[in-house]
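Inspection log for the structure reproduced underneath, given as structure tokens.
Just so it is clear, none of the values below were taken in a lab; they were calculated from the coordinates. A quick note: this is a predicted structure, and the numbers were derived from the prediction, not measured. For neighbour counting, all protein chains shown are included, and Cβ atoms are generated from backbone atoms with ideal geometry for every residue, glycine included.
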Amino acid sequence: MITIDEITIVRDGREIIYDYSEQIPAGSITVIIGPNGCGKSTLLAAIAGDIAPDKGTITIDDVHPILTPASSLAAIRAMAVQNQGFTLGFTVRQIVEMGGESTEVLQALGLTEISDRLVTTLSGGEAQRVAIAQAIAQKTPVLLLDEPLAAQDISSRKRIIELLQRLADSGITVVAVAHSTETELTWADKVIKQFH
């Protein structure tokens, strides 16, 4: 379980998140929604341990991400950011295998056919799926995804949602950011709308 306890995050003199508390249940899909600039990605980065709250604490089970060395944190949570820019000439399969075993997740996300393509040649939606596949391949108990459905067509969205549901059913805690225009959220176990 992820526990957010009275956190405040200030960026450039502006309170992005103020005195916010939340419990994110283990083995479930939690989606954070809201308009651009409301702090969704900031909250995700704070859960990941990439940003320190100015006040309050975040724990994943009993671990404080911000106080945990990167090597230990890598075993606890994996993250796929939005607009993943791949600049090096690796293939799709090589990128995913930097996370872990690739065959199953490539198949689940419809990437098998392009697994030998260079990641620098992919569309935005394909690159996003590769980033998601790499995070899933790490097989961590917590999976953090920034707008995983952005730039995806209907069939890709369906594949991603089905895979996330299977992961949650297997006990993995999934936290995803979605844009406020995302109307169909029946696949989420919990939706967080307001964290100011």
Notebook entry, point to check: Could you give the angle, 0 to 90 degrees to the nearest 10, between helix 154-169's Cα long axis and the longest principal axis of the Cα atoms of the chain?
Noted result: 60
Check: Leaving out same-chain residues fewer than 8 places away, which lysines sit with a Cα under 20 Å from that of Lys40?
Finding: Lys55, Lys190, Lys193
Checklist line | FRET efficiency, Ser21 to His179 (Cβ-Cβ, R0 22 Å, nearest 0.05) | finding: 0.40
Next item on the list: Please determine, in degrees from 0 to 90 and to the nearest 10, the orientation of helix 124-137 with respect to the longest principal axis defined by the Cα atoms of the chain, where the helix direction is its Cα long axis.
Entry: 80
Checklist line | Size of segment 39-196 as Cα extents on the principal axes (Å, biggest first) | finding: 46, 37, 29
Notebook entry, point to check: Which GluC sites (Glu not before Pro) from segment 98-148 combine a DSSP loop assignment with at most 15 other Cβ atoms within 10 Å?
Noted result: Glu101
Check: For Ile16, which sequence-distant residues (separation of 5 or more, or a different chain) have an amide H within less than 5 Å of its own amide H, given hydrogens modelled in the peptide plane?
Finding: Ile9, Val10, Arg11
Margin query: Give me a comma-separated list of calculated 3J(HN,Hα) values for segment 138-145, in order, Karplus coefficients 6.51, -1.76, 1.60 applied at θ = phi - 60°, integers in Hz, x for any Gly or Pro.
Written below: 6, 6, 8, x, 10, 10, 10, 10
Next item on the list: Compute the distance in nm between two label points, each set 7 Å from the Cα along the Cα-to-Cβ direction, one at Gln82 and one at Glu162.
Entry: 2.6
